[in-house]
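Below you'll find the structure, written out as structure tokens, and then a few comments.
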Amino acid sequence: MVERLVPDELWELFQRVVPEAPSRPQGGGRRWHGDREVLAAIVFVATSGCTWQQLPSASFGPSGATAHRRFAEWSKARVWAKLHRLVLDELGGRGELDWSRCAIDSVNMRALKGELTGPNPVDRGEYGSKVHLITERTGLPLSVGISGANLHDSQALIPLVKGIPPIRSRRGRRRRKPGKLHADKGYDYDHLRRWLRGRGIRHRIARKGIESSTRLGRHRWTIERTMSWLAGCRRLHRRYERKAEHFLAFTSIACTLICYRRLTK
């Protein structure tokens, strides 16, 4: 089970970003479970959608409480964002990333409670959260963020574009700017167009009341497919995490697994 959820190549990448285990000069303390077993348990929770209490410890070793404690420690150390960037670096070094055009979009999900939640204007005011995403041409996620469901999509564009990390290329310098950005009518604002032009990014943002919605998916269907890939991480079907950093961590894990699957092809 551990080797299936955490293959050797993923484990080698994870070892480069995970912090060292704390040492106890006086000895004693809890039994320290291996990082690979704990990582497999976390991936199982993310993909199956089970609670930490339902984690089958007989299959992994660590209990649900241990896996959750290590998950919280690694989330605070931003391990998941670093792992996502490392996988993107590997893809960029192999020439698997297409920077010619990118797409931006968001998806809503219900949230029971917690930070960065808000009433969803398209779901009878039910509280929820949004996942904002930028993908490259083939649908691999480059930048991800979360917000309350009542945040307008347009307010996430600038932070998401700034959040694209410098990613290694097969030739030349690291790259962090797409050649062109596609967006739907929710991002139809002149100040966003001016900001993108100032950064040297061409834009293709649909205009309200002018363009038909029937042609919007010609280049944006890839990000819609990526949103469905995110649903493969069943922990994201509904937000249960009270802390925003834990919800963002599960989102980063889902993006990492999407990119890793491309890396192994």
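The values are calculated or read from the model by the stated rules, or taken from the named source; none is laboratory data. Bear in mind that the values here come from a model prediction, so they are computed numbers and not experimental data. Here the Cβ is made from the backbone with ideal geometry for all residues, glycine too, and neighbour counts use every protein chain on show. Areas reflect the complete protein model, heavy atoms only, side chains present, ligands, DNA and RNA absent. Shrake-Rupley method; radii C 1.70, N 1.55, O 1.52, S 1.80 Å.
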### Message
Placing unit charges on C-beta atoms (Lys and Arg positive, Asp and Glu negative, everything else neutral), compute the dipole magnitude of segment 226-265 about its Cα centre in debye, rounded to 20.
### Response
120 debye
## Note on the structure
Mean Cβ-within-10 Å packing, highest first, puts peptides 164-171, 108-115, 137-144 in the order 137-144, 108-115, 164-171
### Query
Using 0.36 nm per residue, how much length does the chain from A72 to R262 gain when fully extended, once their Cα-Cα distance is taken away?
65.7 nm
### Query
What residues from segment 178-192 fall in the zone where the backbone N is under 11 Å from a label point 7 Å along the Cα-to-C-beta line of R204?
180-183
#### Entry: When each of K180/K265; K76/K185; K208/K265 is checked by Cα-Cα distance, pairs over 31 Å
K76/K185; K208/K265
### Span from the segment 93-123 Cα centroid across to the segment 185-252 one, whole angstrom
6 Å
## Note on the structure
Rounded to the nearest 5, the percent of DSSP beta bridges in segment 117-265 running antiparallel is 70 percent
### Share of carbon and sulfur in the accessible heavy-atom surface of the chain [1.4 Å probe, %]
47 percent
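Looking only at the chain, where both bridge partners belong to it, what percent of the DSSP beta bridges are antiparallel (to the nearest 5)?
Among the beta bridges of the chain, antiparallel pairing accounts for roughly 70 percent.
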## Note on the structure
For K177, counting only lysines whose alpha-carbon sits under 21 Å away and dropping same-chain residues fewer than eight positions off, the answer is K82, K162
### Query
Could you give the length gained on full extension between R174 and T51, defined as 0.36 nm per residue of separation minus the Cα-Cα distance, in nm?
40.4 nm
### Summary
For the chain, the dipole about the Cα centre with charges only on Cβ (Lys and Arg +1, Asp and Glu -1), to the nearest 20 debye, works out at 960 debye
### Query
Once the dipole of segment 158-232 is set up with Lys and Arg at +1 and Asp and Glu at -1 on Cβ about the Cα centre, which of G186, G200, G172 lies farthest towards its positive end?
G172
### Task
Any chance you could list the semi-axes, whole Å, largest first, of the equivalent ellipsoid that the Cα gyration tensor gives for segment 1-115, using √(5λ)?
28, 20, 15
### Accessible solvent surface per residue of segment 27-126, calculated while the other protein chains remain in place, 1.4 angstrom probe, Å²
47 Å²
### Query
Which of L86, I253, I134 sits farthest toward the positive end of the charge dipole of the chain, with +1 on the Cβ of Lys and Arg and -1 on the Cβ of Asp and Glu?
I134
